[in-house]
Amino acid sequence: MKLLDGIYAYPWLNPYHNNANSYLLAGEVPTLIDPGHLRFVPDLMHHMERDGISPRDLVLLISTHLHPDHHEGVEAFDGVFVAFHRREEEVLQEYAALLYQGAGFRLPSKGPHFYLREGELFLGSECWQVLHTPGHSPGSICLYCPDKRVLITGDVLFSRGVGRTDLMGDPQALASSIRRLKELDVEYLLPGHGEILAGKEAVRRNFLWVEQMVLPYLL
């Protein structure tokens, strides 16, 4: 569904199967964020096509982190650049047996064409900021567009929740990452799972709730 100009959201609404929300930046460099589980990619493609977007037009795939519910689906896309944070690749082998093979998922054969790092990412003329936000995983990243006040958080932050830290995570690092995100001017908060938050007040209240109800238990 079209969220705002140039940004499409594909939230995962099936309560019986885990999968990530996916987001499409439909600008000069069509970019898909978090393709999700491989077996659910056909469903994602169907929704994209209903919005008039062909998966064949994609140029770039970005994974906010390499857990299978966000990253396994890269295997379904050919001729597309793949990017994620280098730290995720460094620790992938440490949790691959648990999160991929042990759960019956396929470890993608596609490696990155380039690594994401802290700083500006230009998708054509549109500038996004890559934020290294460890805690849920060592190389988790968020994407922030100051012009549109959009923040894509992966599994760092949800509506009234945060990502788990028991799979190569770090509770204190997660708390620090969330406090950093709180300082941004955000009107649309697009999490890796669950409800999308629209409106500055809704985003502000969510940060306040997480800070009061969750962060004390991470420290």
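Summary of values
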item: Evaluation of residue 36 against (1) surrounded by 18 or more Cβ atoms within 10 Å (Cβ to Cβ); (2) outside any loop (DSSP other than H, G, I, E, B) (one fails), failing number; result: (2)
item: Count of residues meeting criterion [of a type in the set (S, T, N, Q) and either surrounded by fewer than 16 Cβ atoms within 10 Å (Cβ to Cβ) or closer than 15 Å to residue 127 by Cα (or both)] in the stretch 1-33; result: 3
item: Test: residue in the stretch 156-171 that is part of a helix (DSSP H, G or I) and either in contact (Cβ under 8 Å) with a residue 12 or more places away in the chain or surrounded by 15 or more Cβ atoms within 10 Å (Cβ to Cβ) (or both); result: yes
item: Pair list, Cβ under 8 Å, 6 or more apart: the stretch 101-114 residue assigned to a loop (DSSP other than H, G, I, E, B), other residue at pLDDT below 90 and among the small types (Gly, Ala, Ser); result: 107/96
item: Selected residue (only one of 33, 62, 53, 7 is over 18 Å from residue 192 (Cα atoms) and touching a residue at least 40 places away in the same chain (Cβ under 8 Å)); result: 53
item: Residues of the stretch 32-64 that turn out to be of a type in the set (Asp, Glu), more than 20 Å from residue 104 (Cα to Cα) and touching a strand residue (DSSP E or B) at 6+ places or on another chain (Cβ under 8 Å), as a count; result: 1
item: Extreme residue, surrounded by the fewest Cβ atoms within 10 Å (Cβ to Cβ), among residues of the stretch 120-139 that are part of a loop (DSSP other than H, G, I, E, B) and out of contact with any Lys or Arg (no Cβ under 9 Å at 6 or more places or on another chain); result: 125
item: Identity of the residue in the stretch 81-119, surrounded by fewer than 16 Cβ atoms within 10 Å (Cβ to Cβ), among the acidic types (Asp, Glu) and under 17 Å from the mean Cα position of the chain (by Cα), that ends up nearest to residue 177 (Cα to Cα); result: 118
item: Residue 61 at pLDDT 95 or above, among the aliphatic types (A, V, I, L, M) and in a helix (DSSP H, G or I); result: no
item: In the stretch 13-27, the residues that are without any contact (Cβ under 8 Å) to a residue 40 or more places away in the chain and farther than 17 Å from residue 71 by Cβ; result: 13, 14, 15, 16, 26
item: Which listed residue, of 218, 197, 184, is touching a residue at least 12 places away in the same chain (Cβ under 8 Å) and closer than 20 Å to residue 10 by Cβ; result: 197
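The values are calculated or read from the model by the stated rules, or taken from the named source; none is laboratory data. Everything numeric here is computed off the predicted structure, so don't read it as measured data. Neighbour counts are summed over all protein chains in view; Cβ atoms, including those assigned to glycine, are modelled from backbone coordinates with ideal geometry.
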